[in-house]
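Below is a structure I'd like to ask you about.
The values are calculated or read from the model by the stated rules, or taken from the named source; none is laboratory data. These numbers come from a predicted model, not from an experiment. Glycine gets a Cβ as well: all are built from the backbone with ideal geometry, and neighbour counts include every protein chain shown. In case anyone asks, the SASA skips ligands and DNA or RNA and just uses the protein heavy atoms, side chains included. Shrake-Rupley method; radii C 1.70, N 1.55, O 1.52, S 1.80 Å.
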Amino acid sequence: MGVTDPTGPVMDRDEVDRALARLGAEHEAIETSLLALQDHAGRRLLEGAELTGTTRERWASADASITLLWAYFDAYTDALRSAREIRARRRWSSREDLVELTELLRGESVTVAGSASAAANAPTLLSAGGRLSERFSLETLVDRMNELYATSLDMVVTADAVWSALPARIDLLAAELQRTRKLAHSVGVRPGEHPSGDDLERITRILTKLREDVVSDPLGFWVPAQGSSAPGGGRPDTAAYDRQARALEEVRREIDAVLTVRQDAEARLITLRDVLSRADRTLAEARTARGEVLAKIAATEVPVVSGPPTALQEQLATAAEYRRSAQWHRLSPLLELLEQKAEDELLRARESLTAVTAPLAVRAELRGRLDAYKAKVAGHGLAEDPFLIERYDAARRMLWSAPCDLRVAEQAVLRYQQAAAEALGAPRVPQQSGPEDRRGPGA
């Protein structure tokens, strides 16, 4: 241990044996890893693929790194073999042997004569500036090999992970797309004739291009994991695939809607005809009622009742023709539109009838109020009161005559109501000018 050289103290026999054992174990581990990398499915695919973009650039570097890695490993193997041969010369190594072994095991005794192209294409940090040969210690050489192996394995594992995940999923989606296209074609959903047919063509083009891009540039579809240093840390980027999957699902829902139309089109058409028929009958009733109101009610503005909309009937006939010719993709949106319009038309007809018959409803309410007060007066024994009879007859003549002036009739009912209230001792019904008191102060 007292002898020294530029590498430090000379190693003794035990130190040499321990170093050789450690280096032998490292050699075996490195060789196993290199062989696994050489046989990795991702590396074989990268070698045979026509790469583009980021993947082509990184694979050129990784391929050079793997070549350089094997050169380093061969140099490491030669140095380890030389050290073992020196140690095997004698059972008890001489001082000269120990000096030589110390230089081999600790000094920069390993020379790597790499090719210029490999050194130039390898990562800058690992290629030592593009020199044609380098000198390393065995420990430094192991570190270099570990770095080269980690970067190369990361690239290979990443590409393999994308190729294992995305193309198969794209193929499954493409198969589902083909089934959907056949189903769509059977119900008349075709490109240029229906928006969903155009969507199917667009999804087909995008999926075809997406698969080509994934196969040629898998690293373009990789999301690295934040803070992860493990080879292949991250996940495949499925955003583009997911968008097309959602678009296809929307098309499938549209096709399902068209299929539903095919199944219940006749029932929906019958319902539509019934709704429009009810609307027509309601409008006819409103027109009849308007004539009655104009004949029986005076000084009242009665709204005009429009006729049935011919456009809806024409659209209904078009829908029936679509059903006969099995144009389900055209029938589906038309039925939805007609159903909404038919309900709106029925509501409009009912509102017209209500508006037209409003004066008759007012007259009926006044008649009911007049008769109700008459019954109340009779219940108190005042049915024969001449004044109340006079007021009642006046109001009744106005309400049961034609045409009836509702404003005048309402005043007559109010006067009878006030007279009845006074006769029954109830508070007087307010009005602009009270009724004439025929009975005098002593009544």
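When you go through ARG58, ARG90 one by one, which is the residue that is modelled with pLDDT under 85 and open to solvent by 70 Å² or more (accessible area, probe 1.4 Å)?
On the way: ARG58 fails: modelled with pLDDT under 85.
The unique qualifying residue is ARG90.
Scan the stretch 243-259 for residues that are in contact (Cβ under 8 Å) with a residue 24 or more places away in the chain and either within 17 Å of PRO195 (Cβ to Cβ) or open to solvent by 60 Å² or more (accessible area, probe 1.4 Å) (or both) and jot them down.
So in the stretch 243-259, the residues in contact (Cβ under 8 Å) with a residue 24 or more places away in the chain come out as 244-245, 247-248, 250-252, 254-255, 257-259.
Correct list: GLN244, ALA247, LEU248, GLU250, VAL251, ARG252, GLU254, ILE255, ALA257, VAL258, LEU259.
Scan the stretch 308-344 residue by residue and report those that are of a type in the set (Gly, Ala, Ser), at pLDDT 85 or above and under 34 Å from the mean Cα position of the chain (by Cα).
Correct list: ALA319, ALA342.
Then there is this: Give the residues of the stretch 71-90 that are among the aliphatic types (A, V, I, L, M) and not in a helix (DSSP H, G or I), sorted by residue number. Give the derivation first.
Restricting attention to the stretch 71-90, the residues satisfying the condition of being among the aliphatic types (A, V, I, L, M) are 71, 75, 79-80, 83, 86, 88.
Scanning the stretch 71-90 gives a single hit, ALA88.
What number of residues within the stretch 259-279 are among the hydroxyl-bearing types (Ser, Thr, Tyr) and modelled with pLDDT under 90? Break it down into steps so the answer makes sense when it comes.
Going through the stretch 259-279, the residues among the hydroxyl-bearing types (Ser, Thr, Tyr) turn out to be 260, 271, 277.
Adding the requirement that they be modelled with pLDDT under 90 leaves 260.
Residues in the stretch 259-279 being among the hydroxyl-bearing types (Ser, Thr, Tyr) and modelled with pLDDT under 90: 1 in total.
For the stretch 266-279, how many residues meet the condition of being open to solvent by less than 50 Å² (accessible area, probe 1.4 Å) and either in contact (Cβ under 8 Å) with a residue 60 or more places away in the chain or closer than 15 Å to LEU334 by Cα (or both)?
Initial filter on the stretch 266-279 (open to solvent by less than 50 Å² (accessible area, probe 1.4 Å)): 268-269, 272, 275-277, 279.
Checking which are either in contact (Cβ under 8 Å) with a residue 60 or more places away in the chain or closer than 15 Å to LEU334 by Cα (or both) leaves us with 268-269, 272, 275-276, 279.
The qualifying residues number 6.
Here's a follow-up. Does the stretch 46-59 hold any residues that are part of a helix (DSSP H, G or I) and touching a helix residue (DSSP H, G or I) at 6+ places or on another chain (Cβ under 6 Å), and which are they?
Of the stretch 46-59, the ones part of a helix (DSSP H, G or I) are 46-48, 53-59.
Correct list: LEU46, GLY53, THR54, THR55, ARG58, TRP59.
Same structure again: What are the residues in the stretch 192-203 that are under 19 Å from ALA245 (Cα atoms), of a type outside the set (A, V, I, L, M) and buried (at least 16 other Cβ atoms within 10 Å of the Cβ), if any? Let's see the steps before the verdict.
Taking the stretch 192-203 as the starting set, the residues that turn out to be under 19 Å from ALA245 (Cα atoms) are 195-203.
Then keep just the ones that are of a type outside the set (A, V, I, L, M); that gives 195-199, 201-202.
The answer is SER196, GLY197, ASP199.
Which one of LEU414, LEU388 is without any contact (Cβ under 8 Å) to a residue 40 or more places away in the chain, open to solvent by less than 30 Å² (accessible area, probe 1.4 Å) and either at positive phi or in a helix (DSSP H, G or I) (or both)? First the steps, then the outcome.
On the way: LEU414 fails: open to solvent by less than 30 Å² (accessible area, probe 1.4 Å).
Among LEU414, LEU388, only LEU388 is without any contact (Cβ under 8 Å) to a residue 40 or more places away in the chain, open to solvent by less than 30 Å² (accessible area, probe 1.4 Å) and either at positive phi or in a helix (DSSP H, G or I) (or both).
Condition check: touching a strand residue (DSSP E or B) at 6+ places or on another chain (Cβ under 6 Å), at pLDDT below 95 and open to solvent by less than 40 Å² (accessible area, probe 1.4 Å). Does VAL187 satisfy that? Let's see the steps before the verdict.
Details: touching a strand residue (DSSP E or B) at 6+ places or on another chain (Cβ under 6 Å): no; at pLDDT below 95: yes; open to solvent by less than 40 Å² (accessible area, probe 1.4 Å): yes.
Here the answer is no, as VAL187 does not meet what is asked.
Here's a follow-up. What single numbered condition from (1) outside any helix (DSSP H, G or I); (2) β-branched (Val, Ile, Thr); (3) within 28 Å of GLN313 (Cβ to Cβ) fails to hold for THR282?
For THR282, the exception is condition (1).
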